[in-house]
Amino acid sequence: MSELLYSEVEDELRGSVRALLADRAPWPAVLERTESAEPYDMKLWRTLATEVGCAGLAVPEELGGAGASFRETAVVLEELGRAVAPVPFLGSAVLATAALLAARSDDSARSDDSGGSGELLAALAAGTRTAALAVPVTTPPDGPLPPGLGVADGAVSGTVRGVADALVADVLLVPAGGALYAVDAGPADGGVRRSAVTSLDMTRPLCDVTFDAAPARVVAGDDAAVRPALVAGAALLASEQLGLAERCLELTVEHVKSRYQFGRPVGSFQGLKHRLADLWVAITQARAVARYAADCVATGDPDAPVAAAVAQAHCSPVAVLAAEECVQMHGGIGFTWEHPAHLYLKRAKSTSIALGTADRHRGALATLVDLPG
């Protein structure tokens with residue numbers, strides 16, 4: 001039986017991350033950054049990655065990581081969801097790290113750590129480098145990998161559209177030609193061109209990546225490591241959605257308790273109380289679902305694909321509902337740019353299609369548990 005309660009270590013980690021984000025990423029600062037030329041807060045990312053050690057939570061100690069697990073990583077994601085923090089944690093510390101860990105389990109990738117996954121994992125854990133998995137952000141765990149990527153003479157060519165957290169990545173992990181390659185994302189003359197695209201969620205920008213005979217080194221002899229990474233990403237994204245939904249509920253409850261109409265707080269109106277109670281129940285269920293999914297990924301449970309599908313099928317719509325209720329119950333102020341509600345709504349809507357929609361995961365779940373047509 002999995003232990004879904006938070007450990008003392010996880011609670012301490014949560015406290016440290018929440019205090020840091022409250023100081024360095026309050027919502028006015030996040031909103032201001034969305035209007036700047038640098039949507040990512042790389043100073044905050046370096047602090048999270050190096051001083052707090054969040055980048056290497058799931059990386060083994062022998063590679064310079066914390067030797068913890070994806071359970072602790074999920075706790076960090078909850079806090080990042082609460083703050084809609086503009087850092088490349090999902091792309092680097094979850095998707096890329098999970099892919100490299102899966103590649104490292106392949107004996108063929110162990111034979112030469114100088115070009116394999118070990119050296120890069122150590123750099124990611126230390127926070128000296130940031131990576132992204134070069135697949136469209138909408139790719140579900142059972143979906144097709146990017147078509148049109150080719151490898152010739154140790155160089156990758158082709159285009160991948162809508163990649164999350166690739167704008168600031170130092171290394172791109174590219175599934176091409178049936179293998180997984182690492183490509184240094186340096187200047188354009190190195191064969192890699194990144195073009196920012198208009199993104200609904202301004203705190204997690206997307207970009208198109210074009211490889212023009214970009215030098216690449218083999219990380220894994222096949223691309224099988226990508227699937228576990230996508231499963232881990234979908235499972236842990238539920239924790240980010242959980243944190244976002246909880247924060248939306250908190251903001252909404254605070255508002256309806258202090259906002260008066262007809263001489264009474266609007267939170268005393270029966271219609272709003274029922275809606276908030278239903279939302280609280282859904283979020284409570286989402287916590288259990290997200291914790292189980294994170295635990296399955298952390299322990300290598302064979303039930304992880306099922307847990308990830310359940311997590312996304314439930315947590316994704318709950319996050320959207322919480323953000324929508326936050327906007328609506330704040331009344332006129334909730335629709336303005338000066339209120340953080342729109343930041344949460346945009347993050348919730350963008351994550352609802354990231355790594356597969358809820359409908360796609362329900363369909364995958366039917367296949368995984370062998371339900372009839």
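See the values below:
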{"quantity": "Residue within segment 102-119 that is within 21 Å of Pro205 (Cα to Cα) and at pLDDT 90 or above present", "calculated": "no"}
{"quantity": "All strands (runs of 3 or more DSSP E) inside segment 127-178 with 1 or more residues being hydroxyl-bearing (Ser, Thr, Tyr), at pLDDT 95 or above and open to solvent by 10 Å² or more (accessible area, probe 1.4 Å)", "calculated": "155-164"}
{"quantity": "Lone qualifier among Thr367, Thr336, Thr357 - being closer than 25 Å to Pro265 by Cβ, surrounded by fewer than 24 Cβ atoms within 10 Å (Cβ to Cβ) and among the polar types (S, T, N, Q)", "calculated": "Thr336"}
{"quantity": "Val218 vs. criteria farther than 27 Å from Leu365 by Cα, open to solvent by 10 Å² or more (accessible area, probe 1.4 Å), in contact with a Phe, Trp or Tyr (Cβ under 8 Å, 6 or more places away or on another chain) and part of a strand (DSSP E or B)", "calculated": "yes"}
{"quantity": "Residue count for segment 250-273, restricted to those that are open to solvent by 20 Å² or more (accessible area, probe 1.4 Å), in contact (Cβ under 8 Å) with a residue 24 or more places away in the chain and either part of a helix (DSSP H, G or I) or not basic (Lys, Arg) (or both)", "calculated": "3"}
{"quantity": "Residue in segment 63-70 that is within 15 Å of the chain's Cα centre (by Cα), touching a residue at least 60 places away in the same chain (Cβ under 8 Å) and crowded, with 24+ Cβ neighbours inside 10 Å present", "calculated": "yes"}
{"quantity": "Odd one out for Leu276 among (1) aliphatic (A, V, I, L, M); (2) without any contact (Cβ under 8 Å) to a residue 60 or more places away in the chain; (3) crowded, with 24+ Cβ neighbours inside 10 Å", "calculated": "(3)"}
{"quantity": "Those residues of segment 295-325 which are over 15 Å from Gly81 (Cα atoms), small (Gly, Ala, Ser) and either open to solvent by less than 20 Å² (accessible area, probe 1.4 Å) or in contact (Cβ under 8 Å) with a residue 24 or more places away in the chain (or both), in sequence order", "calculated": "Ala298, Ala304, Ala307, Ala308, Ala309, Ala311, Ala313"}
{"quantity": "Failed item, numbered, when Val168 is tested on (1) touching a strand residue (DSSP E or B) at 6+ places or on another chain (Cβ under 8 Å); (2) more than 14 Å from Ala229 (Cβ to Cβ); (3) in contact (Cβ under 8 Å) with a residue 40 or more places away in the chain; (4) not acidic (Asp, Glu)", "calculated": "(1)"}
{"quantity": "Residue selected from segment 339-354 under the condition part of a helix (DSSP H, G or I) and free of Cβ contacts under 8 Å to residues at least 40 places away in the same chain, by the criterion surrounded by the most Cβ atoms within 10 Å (Cβ to Cβ)", "calculated": "Leu345"}
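The values are calculated or read from the model by the stated rules, or taken from the named source; none is laboratory data. Quick caveat, the model's predicted, so the values are computed rather than measured. As a convention, Cβ positions derive from the backbone with ideal geometry for all residues, glycine included, and neighbour counts pool all protein chains shown. Quick note on the areas: whole protein, heavy atoms, side chains included, nothing else; ligands and nucleic acids left out. Shrake-Rupley method; radii C 1.70, N 1.55, O 1.52, S 1.80 Å.
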